[in-house]
Amino acid sequence: MKFQLTGKYGELAEIRNNVPHHGIDLAMPQGTDLHSVMSGTVEQIVDYGTKNLGKGVFVRNDDGTLSIYGHLSQIKVKMHEHLYAGETIGLSGNTGNSTGPHLHYGMKDVAGHWVDPTPIAEKVSNMQGDWWHHPGQFLLDKWNQLGDKVIGKENEIMFHPLLDMLRDGLIWLGHTLTDLMPEIGCAITIAAGIAIMFTGNFPKYVTRWGFGMMGVISWIILGK
Ligand SMILES: [Zn+2]
């Protein structure tokens, strides 16, 4: 879990007038990138001001369930926009009835009943944050944005088989990269070591690769 679970499902709290909590709360800094947990279509965008969810996005997932993202500071999607899992929804915040910056994530089943998202809390948590935490999702997000720009949302259906194929490829690449990140880091470090050993220009390379490696290692450590 990347972000701390500060509000459990079904919990009673004075701030919600002792109405059971229809979701989970994840504490995160104001302005954290929020990503769609599942693929779906934007069904509702709300702004309750200082009440309830504040700024919120409702996504009808492709499997018929509903995902609700609340207390956002900024919304980056439009009504009826289709989102792939990992696409940017907006930035987290502290809007609505909230005592600190956090993401409220709620879920409804196909029949419209509240369900407990705790089993997927880990996934919800891990998908949020800066792009280097999930390079695969970042690639996908960029790919989708590029696709929207180049062929337009309205033509997407025509190119669907081709887009899906490329997208599957990107998902695979993304997951492989994410899974292998420490291994890739090690491989680069070893390669750098060999390069240093076999070069006649030792000090210059040590400096150059040294800084490079520090960058890679901190990227891996910070990215986890
Ligand atoms: Zn909540």
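The values are calculated or read from the model by the stated rules, or taken from the named source; none is laboratory data. Remember, predicted model here, so these are calculated numbers, not experimental data. Note: ideal-geometry Cβ built from the backbone for every residue, glycine included; neighbour counts use all protein chains shown.
Consider only pairs whose beta carbons are under 9 Å apart and that are at least six residues apart or on different chains; among these, list those whose first residue lies in segment 18-34 and is free of Cβ contacts under 8 Å to residues at least 12 places away in the same chain and whose second residue is crowded, with 17+ Cβ neighbours inside 10 Å.
From segment 18-34, the pairs are P20/Y9; P20/W114.
In segment 54-108, which residues are under 21 Å from I120 (Cα atoms), outside any strand (DSSP E or B) and within 16 Å of the ligand (Cβ to nearest atom)?
P101, the sole residue that qualifies.
Mind checking whether some residue in segment 15-34 is under 21 Å from A121 (Cα atoms), charged (D, E, K, R) and surrounded by 15 or more Cβ atoms within 10 Å (Cβ to Cβ)?
Checking segment 15-34: at least one residue is under 21 Å from A121 (Cα atoms), charged (D, E, K, R) and surrounded by 15 or more Cβ atoms within 10 Å (Cβ to Cβ).
V37 versus (1) surrounded by fewer than 21 Cβ atoms within 10 Å (Cβ to Cβ); (2) outside any strand (DSSP E or B): which is the lone unmet condition?
Evaluating V37 over (1) surrounded by fewer than 21 Cβ atoms within 10 Å (Cβ to Cβ); (2) outside any strand (DSSP E or B) leaves (1) as the failure.
Name the residue, out of K2, K51, that is within 13 Å of the chain's Cα centre (by Cα), outside any strand (DSSP E or B) and not polar (S, T, N, Q).
Checking each option against the conditions leaves just K2.
Could you tell me which residue of segment 120-145 is nearest to T88 (Cα to Cα), considering only residues that are modelled with pLDDT of 75 or more and in a helix (DSSP H, G or I)?
This residue is M127.
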